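What follows draws every value from the coordinates through simple rules; no lab data is involved. Here the structure is a predicted model, which is why all the values come from computation and not from measurement. Positions of Cβ are backbone-derived with ideal geometry, glycine not excepted, and every protein chain shown enters the neighbour counts.
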Ligand SMILES: [Zn+2]
């Protein structure tokens, strides 16, 4: 979906900042913190539907509601993490607040649009979890705010991100607003899982499920935003249609270097002595933060060798730019060892999720991968 997810969106008065008991704080407080360097403050652009890839049916439905003046009071956008729920919610919010929409997109120039860009539109508010939850205080503040008429637009828009993190009290509190919302209010909830929300909330909301993007859609977007290099194909494939994952990887400066390093490591580990293999631990220590990605890269590399061995179809390789290394490795590995390696990596992944000793887990993994 939209590619601007990288940029932080600071608007209205509700921006997660880790402040106190909720996730709702005034823009002024927020700016103060920013000034102290407590967070990122980046240039923000107005979100538009045209920058969103895929989700066409859903977008059409939102636009139709807008044009026929049948905008609902409450929406729920569900879908996997990184699929673009908040980006879509922001694009819809921008359209709803714009005073001179350009066809079916916000104009980007009117007062509400400019205020939105500057993160100071009082008719917009984003509520996010603070330390993992949205507490009742945040919803109460929203309820106070929602009673005040909009200042610059015909509507006021509230986005509650990761709405399933609302505590039960917060959900009960929100329910009151959903039962009798002011006529100008639009509340958009986003969630990766519908089931964290009370049935009474779900039944009062227009529900939309976001679909994964296709490989082509992700690749086209990556090629549009980044130079069309071969690693775009890998990223598009690796992302599994989750645009947030693709954008995160594509935006990471050392992604290409890391991938090369990891493929080299995975390629060498099977033909080196144990001492040389233990030396490779450094790479894991240096890139602790990216361990999930590293394990995925290794797994996909072995998967590619297996696919190459079994099908001889180069078109099925995810690491399509590493064809030569893969074909060469296919000669050295048995299918059984490749399946074993994939399993070893998966076991390491779940061990790490259980907070086992990092170094020990990685070293055991390397040792097992090294075994013939
Ligand atoms: Zn506008």
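Worth pointing out:
- q = 0.12, 0.22, 0.24, 0.27 Å⁻¹, region 255-308: log10 I(q)/I(0) [Debye, one scatterer per Cα]: -0.26, -0.86, -1.00, -1.17
- The fewest-to-most ranking of 345, 83, 201 by surrounding Cβ atoms within 10 Å reads 201, 345, 83.
- Candidates 292, 162, 130, ranked by Gaussian network fluctuation over the chain, Cα under 10 Å, top entry: 292
- Segment residue 214..residue 199, full-extension length gain: 2.3 nm, with 0.36 nm per residue of separation and the alpha-carbon distance subtracted.
- Prolate/oblate/rounded call for region 62-221, Cα gyration tensor, a/c under 1.5 rounded: oblate
- Of the residues 135, 323, 117, the one that moves most in a GNM of the chain with alpha-carbon contacts below 10 Å is 323.
- Once the Cα atoms are used to define both axes, helix 323-332 deviates from the longest principal axis of the chain by about 50 degrees.
- Over the chain, all Cα pairs binned in 10 Å intervals from 0 give whole-percent P(r) values of 5, 21, 27, 21, 15, 9, 2, 0, listed from short to long.
- Rounded to the nearest 10 degrees, the angle from helix 136-146 to the longest Cα principal axis of the chain is 40 degrees.
- Burial ordering of 183, 224, fewest other beta-carbon atoms within 10 Å first: 183, 224
- Theoretical gain in end-to-end length, residue 111 to residue 359 [0.36 nm per residue, Cα-Cα removed]: 83.8 nm
- Folded to 0 to 90 degrees: helix 85-97 orientation relative to the chain principal axis, Cα: 30 degrees
- Every helix of 4 or more DSSP H residues in the chain counts as -39500 (n - 2.57), and over all residues that averages to -15000 deg cm²/dmol at 222 nm.
- Kirkwood radius for region 104-177, taken over all pairs of different Cα atoms as the inverse mean of 1/r, rounds to 13.4 Å.
- Panel order for 104, 304, by other beta carbons found within 10 Å of each beta carbon, from fewest to most: 104, 304.
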